[in-house]
Amino acid sequence: SKLAALFQHPLYNIPIPEVTEKDKLFVVNPMEKFSLRSSGSDEWVSSSKAEALLPTGKTAYDTYPAWLKFHIGINRYELYPRQDPLMPTLLRDLATQRIISSVQKSGGTQLKLIMTFPNYGQALFKPMKQTRNQETPIDFFYFSDFERHNAEIAAFHLDRILDFRRIPPVSGRLVNITKEIRDITTDKKLAKTFFISPAGNVCFYGECSYYCSTEHALCGKPDQLEGSMATLLPDKTLAKRRSWRSPWRRSYHKSKKAEWELNPKYCAQVRETPPYDRGHRLLDLIDMTVLDFLMGNMDRHHYETFEKFGNDTFLLHLDNGRGFGTHSRDELSILAPLQQCCSIKKSTYLRLQLLATQPYRLSDLLREALATDPLDPVLAEPHLQALDRRLGKVLAVVGHCLDR
């Protein structure tokens, strides 16, 4: 396994700083039992001390479901550890746990559902909107593109291979629209949008600001529908998150350009603006830029951080559905932060160089990682090959900066 060899490499074993109590998102006593509230949110509260030790001699922590262990493990430096023993269980749960509730997620431009499992875990379901082989039409603006379920799955694995570990775990899943959405939804607005198509397939379209109409309905075959299941982060009532507008956000306008597109010295003013004027925030943003360029995602207008950790923490790379839309074109403007700032973390640069070498090869590693997903093949082959070409372009930009 190339992946196992990669994760053994010294560059993938650089220790994180010591995690103190204040560096943990949640401070939990592993001897304390938790009761999970079925209030529709994933609130969890500690029970009385009387239940603290279980008769088996295990600690209460051993009995927690995988999603709760994942939440408890989040700290200032990483969303989950490199050699995370939970990961196979967490991904298997997303793919196989019984769905007991499906409701539409409010807000957003496209249809997404929140699925709840018997162990009170929840996942964000993005349904399949186009096939693996369809490329985004060349006349489409980035903001009118579909969100792709397979891009969410591939982004999680790519983020892990790059050793960022800033995307919550995602698995593919085949869902039965009738039994796992229509028959169990309590969402009246969603329930009104189900119909049987002329071909006899079960379809629905939900309510949202784009692509939620009979013309853009999601249909099963006859009721089987592919989608991505992403682990939900802790409820915002338990762990507040802060949303930051990206300084390199696009204009989201058909003819207007953003300031960074007009001013080649734009980075100088970003470097003087908090929170980019100190710490590693700008370098973290450039990591995110590299990830986005590799998968061709032009839609990174915001990113989030956990409020508890202030400015000294990693960025969450959420919403990656507009990646992997085109394999035949490389959108160099995504690399603007790297090109304009000429800065990158040394550890990131060394790992990118490693991923361009024959024993590892980025495309081979991602192909191997995605082969374990229930929806394999997740990406069409040209998308995997594009990764190696794009990685070469990232390294060329860094090389140009070094020459300067």
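The values are calculated or read from the model by the stated rules, or taken from the named source; none is laboratory data. Since the model is a prediction, treat every value here as computed from it, not as a measurement. Cβ sites come from the backbone with ideal geometry, for glycine too, and all protein chains shown count toward neighbours. Please note that ligands, DNA and RNA were not included when accessible areas were found on the heavy atoms of the full protein model with its side chains. Shrake-Rupley method; radii C 1.70, N 1.55, O 1.52, S 1.80 Å.
Quick one: in the stretch 341-370, which of the residues that are free of Cβ contacts under 8 Å to residues at least 12 places away in the same chain and over 28 Å from residue 265 (Cβ atoms) is surrounded by the most Cβ atoms within 10 Å (Cβ to Cβ)?
Result: 357.
Filter the stretch 66-88 down to the residues that are surrounded by fewer than 19 Cβ atoms within 10 Å (Cβ to Cβ) and assigned to a loop (DSSP other than H, G, I, E, B), then identify the one that is nearest to the chain's Cα centre (by Cα).
78
Within the stretch 97-116, is even one residue assigned to a helix (DSSP H, G or I) and open to solvent by 60 Å² or more (accessible area, probe 1.4 Å)?
no
What number of residues in the stretch 203-236 are polar (S, T, N, Q) and without any contact (Cβ under 8 Å) to a residue 24 or more places away in the chain?
The number of residues fulfilling the criteria is 2.
Being part of a strand (DSSP E or B), of a type outside the set (Gly, Ala, Ser), open to solvent by less than 40 Å² (accessible area, probe 1.4 Å) and within 23 Å of residue 25 (Cα to Cα) narrows it down to one residue among 91, 124; which is it?
Matching residue, one of 91, 124: 124.
Based on this model, can you work out whether residue 333 counts as of a type in the set (S, T, N, Q), open to solvent by 30 Å² or more (accessible area, probe 1.4 Å) and at pLDDT below 95?
Answer is yes for this residue.
For the stretch 118-138, state whether one or more residues are among the acidic types (Asp, Glu), at pLDDT 90 or above and not assigned by the TED database to the domain that holds residue 380.
No: zero hits.
Tell me the residue from 226, 207, 180, 215 that is outside any loop (DSSP other than H, G, I, E, B) and open to solvent by 60 Å² or more (accessible area, probe 1.4 Å), please.
After applying the criteria, what remains is 215.
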